[in-house]
Structures are given as structure tokens and as C-alpha cells.
1. Which residues, counting only those in the stretch 458-488, are under 19 Å from Cys364 (Cα atoms) and free of Cβ contacts under 8 Å to residues at least 40 places away in the same chain?
2. Report, by residue number, each residue of the stretch 321-349 that is under 16 Å from Asn111 (Cα atoms) and either at pLDDT 65 or above or open to solvent by 50 Å² or more (accessible area, probe 1.4 Å) (or both).
3. In the stretch 407-432, how many are open to solvent by less than 60 Å² (accessible area, probe 1.4 Å) and not in a strand (DSSP E or B)?
4. So which residues in the stretch 489-548 are in contact with a Lys or Arg (Cβ under 9 Å, 6 or more places away or on another chain) and among the acidic types (Asp, Glu), if there are any at all?
5. Are there any pairs, at least 6 apart or on different chains, whose C-beta atoms fall under 6 Å, with the first in the stretch 541-558 and closer than 20 Å to Met604 by Cα and the second part of a helix (DSSP H, G or I) and of a type in the set (D, E, K, R), and if so, which?
6. Against the definition (of a type outside the set (Asp, Glu), in contact (Cβ under 8 Å) with a residue 40 or more places away in the chain, farther than 22 Å from Val252 by Cα and in contact with a His (Cβ under 7 Å, 6 or more places away or on another chain)), how does Tyr91 come out, yes or no?
7. Residue check, Thr421 against (1) in contact with a Pro (Cβ under 8 Å, 6 or more places away or on another chain); (2) more than 22 Å from Pro464 (Cα to Cα), all met but one. Which one?
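The values are calculated or read from the model by the stated rules, or taken from the named source; none is laboratory data. Remember, predicted model here, so these are calculated numbers, not experimental data. For neighbour counting, all protein chains shown are included, and Cβ atoms are generated from backbone atoms with ideal geometry for every residue, glycine included. With ligands, DNA and RNA removed, areas are computed over all heavy atoms of the protein, side chains included. Shrake-Rupley method; radii C 1.70, N 1.55, O 1.52, S 1.80 Å.
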Amino acid sequence: MTIDTIHCKHMRKTTRSPKRALCLLLAALTLCACLPAWGLGAKAAGTPTNLGLAEHGIMAYNEGWQYSYGGKGETVGGVRVSDCAGLIYSYFSDLGVGGCMGGATSQATQNCILTGLFEEGLPRIHGLALTILEPGATDDYSHIGIYIGGEESCENSDYGTNMVRASIYRRGWTTWHLFDNGVRYPREGWYEFDGGMVHYTNYEYDVNTTIDGYTIGADGFAQLSDGERAPVDSSMVSTDFVSAEEVRSWLVTNGWSGSNDFDYNAKVSSTSVNLRAEPNTSSTIVATLSKGTRLHIDGPAVEGEAVAVGTWIGDQDHVGDEDYGYENAQLFSKWYPVTTIHGQSGYVSEAYIELVISAPTITCDGESVTIDAGGYSDSIYYTTDGSEPTEESELYLSPVYQLSCTYQAAVIRNGVVGPVTTVTVMGNGAIFTDFTYKNWFAPHVDKAVGLGLFSGTSANTFSPNTTLTRAQLVKILANMSGEDTSSYEFGDSIPAFSDVQENAYYYHDLAWAVQAGIVSKGKKFNPSASVPREQLCLMLSNMAKRYDAALDDSQDKLFSDDDKISSWAKTAVYEMRNLGVVSGTGNNAFDPKGTSTRATAATMLVSFYNKVVALHDTSGDNLPATKA
């Protein structure tokens, strides 16, 4: 079944009666009973596979199809007829799959995604298309057939000759092609084929080996001890089929010839997707595309018929059925104009498109910003004012000497905007992705990072909205002091905290903070706990005393919640209030037990640095002379 674009008329959850469900089951069983016998072993009904295509050629040979120029599998005088391309065309039409071209050249160039020279070897893949190249031509084929494995091919040859099954080396084939048009291929395991079992390893069938106790002959079939074909063991048969694009990628990676320089910027994201002539479901099917098929988007998406993606409920024909439609459907109304590697042009719904335009990477060396997007670096547009990049934005040409701002960059080609990369570049070149310079705290964080007080919580995140922890605060104060704390240890004079490990990132900083009188001794430190506002004030007050800073502790104007401030912190709270480091939280309240985010803490700590540390001796003369 191909994925078509469907105008969603009904989107609701329904409950089907037991009687209706039984009718549907009986109808489904009846449909299966009517399917061609040759299709059941190799594929799911309606889904083209390479094994099914090969079996189709064998079936046509066994049934004695007659040659008729322009024939496409119709029955004439009780016998089906076709020409060489019509044999292949009829496989897809029998399945109800559109998109297959009608001529040898058009099939080879528009339905196939990889071409190789026969003289350079043939991949062991059933259902390859084999062609005869016109002398001196590069893409003009006079004949086409089907590779059925075992170094044999089937084709409907000519008047008076009709169907031929013969060695591939006797038919004059010059080229082979990996067929697409929604065809699925084996990847790994046992598969049922032509009444026997074949085994695939890495997308090719195995020969002349032993697997799972079966001997596999030169024709690829599992054999019994007497050399006869082994019967099909349904418990071993795999149903794992993959797209033609996946097989193509593997073949190219492993040295098979074929062009791999198609300038694509999107892929098909689902199986058996219809390429339409217009952005609606009633237009001509240009081709049926496999999942992973590479596409070139030729321009911006256009409005078209809505596509519903969800779980179908109801009879397939929904005649007289009020309970049909899509459950939990999502509508997509945009269609992309695209071109395939074979030059087929049309429209595909955005529901089935995966953009593969590279998202730019943005780096900074501390002086300039570099933006890169691999092969698309000549089409990068960027902004530094917070707006989304468009083709009217700045075109990136060379490193940009602008820091302390937020960059947004994207590759834009033919009106198609790729993924947008957004990063905020600090004045020292640090890059963060979790806030922009429009945030009120950005300049303060920039200063805090530039001073070396704060660093990120990971390579490119600052986590501005998470609460500041006690361990983080100790680390920041140690950074602010400029002291080398690496040799500070806990010992007899500074007993260790029971919840602090020697390999903790803040271990030496905490030992310094205790000896410096910034943190009180105790049994536990609670490093992961958040820092109450009154406790932050006390630690800053202790820090200020190291610089002999003159602090004003006057309390002539009390906070409205003064009675909630702990007695041990009250002096420090008003010192920091009078210094301008902290203020109320509204209605003249201080909220002493409340905590601060890393962004808020950065603002307060930068203010403290400017008003205390930067104005006093920072040479280290006031630091302890001995270290525990």
C-alpha cells in the first residue's frame, strides 16, 4: 500500500461493533484468498519487493506470456502479453502500485536509483533490472529484463521468441540497475523465494556456503543432503525488508559503481510515498518513492490539499459507514516541489519529507565567530538581533568580529530554510545554547563568565533557571578570590564533612572556604542543597571581611518579613542590602528562606565583585599564609 495524501473529512475516535468487526475480518480473508499465489511467499500484499519482481518474471515464463510491443500484462486470447518493459510494469500494476514507467530507458533512468556496468560485476540481489545499452549511449537502453538469481534472467524478448529464461551471460546484458518505485529488499536472514529458501547477508544473497545447518548452492537456494531444494521452514523466514535507498547506500559504500553526487537536501521519511504532479491527491502519480529516497527541494513549500496522518478507522471503502476517518490525526497542508535523482519532478507532502540541510555549527575563538554548514556554507544567513534568519539577513562570508550577542543561523537554498542554530556568544568566547541575549540576565551572566566566576553546567549550557547549590557557590567564591586552592585540604585543624568526597570538584575550594571563615565547620555540608538568600548574604559578608570592606549594617528601614530572618544572618542581610547587592522580592519583603537561580545569583555576585573585590586589594596579601 502506498502512502497517498488524503483530504481528512473525519477525525474522531470511534467504537466498532462486534458484528462490523466480524464482517471486516471475513472481507479481509476473502481478499487474501483472491491474491495471486506468486505474491504471497515473497511480500506483503500490495508492497513491491525485489523477490516478488523476480518471481513475477519466473511466473510469466512458466505461464508462457506472449510478446506484444506496448503490451503491459493484459490478457489477449487467453494469454497475457507484454513487451520487455511491460513485463516489469505489469508487476507493479498487478499490485495496484503506480509510478512505474512504461519503457526500458524510462524505467532504468527514472525508476532505478543505482546503475552499474555488467562487465564490472553484478550484485547478488534478486530483482535487479538488466539492460542492454545502445552502442555509444550513456542512458539509452534497447532492452530490459529481470535478474532472478542463480546467474539467470527472465525477459519477454521479441515476436516469435516471447519469454526467455537463460544465463545472464548469454543475453548480452551490458548494465544492471537497482529498482526503486517503492521496492523493498531483504537485509539479513532467510527469505522465501520461488518455493524455496534463500539467505541474505548484508543485502546480498549467499551462495556456496553453509548457514544454520543448510548447505546453500551456487543458485542461492538452501539444499537438503541429496541436493534437492529444502522446503520452506516458515519459522525461519524473515519479514525484514528495507528500502532501495538503504541498499543503494550499502552498495556505494562497498565499491559498486554509480553516481553519488546528487545535490539533495531532503529525504522521503516514510515508505511508498507518492510523488504527485500537483500538490493534491487527485493529480497524476509521477513515481512511488521509497523511504530514504533522496530529493532536491526546488523551492519553498506551497499550500495544497491537507494530508491527514494518523490511525485509520473504518472500512477501506467506507461505503455506508458513518464511523470512518483518522484517529488522533495531524493535518499537513504544505507540499514541497521536488526533483528526484532521475529528474522526476512533482510534489510531496511535508508530512513525508525529512530535511537534510545541515544545521550550521557556530564556534568562537574568543575574538571572532565562525559559522559552518559543511557543503552548504555558501548559503548561510545569520542574525544577531534576535530575529529568525531569512534570505534578507546577513549572508555569512567570513568570521564575524561581534561578541556578546545571540547568533541565529540557517542554510537557506531555493527558499528552503534548514534547521536554525541559535547560540549566545559571551564576551570571552564562551558559547551557551540555553538562553539568548534578550534575557534580562544575559549581560550579568556574560560579565560573570568573563570574570571567571561562573562556568557552564556542561559544554554549552549555563542552566540559568536552575537553583544555585552550596557547592557551586563555594566554587564561585574561590574563583572570585583569585586564590589557588589546589593545595587546600581537610585535616586535623579542619575536620572533613561526612558528605564530601575527596574527588568532588569543589573539595579544595571548600577546604579553602572553611579555613577562610566563609563556611562554618560542621558534620555535613549538604553540597547539593540550594542556598537560602539569607545564607548567601552571610557568606558574602564573610567574604567581604577578607577585603576589609567597610559595610553598613544599619537597620533603620526593616524588611516587612524581618521577623523571618534568622538572627545569625540579620546583620549580613542588611549589610548586603545597604551595599546594593540584594534587594527585596516585592512589597519590601526579603524572603530569607527563598533561593536564587544561577542567573539571579550571577547578577548579585557580579554586583558584589564590582563593589567589594574590584575596589580592594586582590593581590592575595590578605589571604591566609598557611594552608591546612
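1. Ser458, Ala459, Asn460, Thr461
2. Val338, Thr339, Thr340, Ile341, Gly343, Gln344, Ser345, Gly346
3. Of the residues in the stretch 407-432, 8 are open to solvent by less than 60 Å² (accessible area, probe 1.4 Å) and not in a strand (DSSP E or B).
4. If the condition is that a residue be in contact with a Lys or Arg (Cβ under 9 Å, 6 or more places away or on another chain) and among the acidic types (Asp, Glu), then Glu489, Asp499, Asp509, Glu534 are the ones that fit.
5. Every condition considered, the pairs that remain are Ser541/Glu575; Leu551/Glu575; Asp553/Glu575.
6. Yes, satisfied.
7. (2)
Per-residue answers, yes or no, for (1) touching a strand residue (DSSP E or B) at 6+ places or on another chain (Cβ under 8 Å); (2) over 22 Å from Asp219 (Cα atoms); (3) buried (at least 24 other Cβ atoms within 10 Å of the Cβ):
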| position | (1), (2), (3) |
| --- | --- |
| Leu87 | yes, yes, yes |
| Asp94 | yes, yes, no |
| Gly99 | yes, yes, no |
| Gly103 | no, yes, no |
| Cys112 | yes, yes, yes |
| Glu119 | no, no, no |
| Pro123 | yes, no, no |
| Leu128 | yes, no, yes |
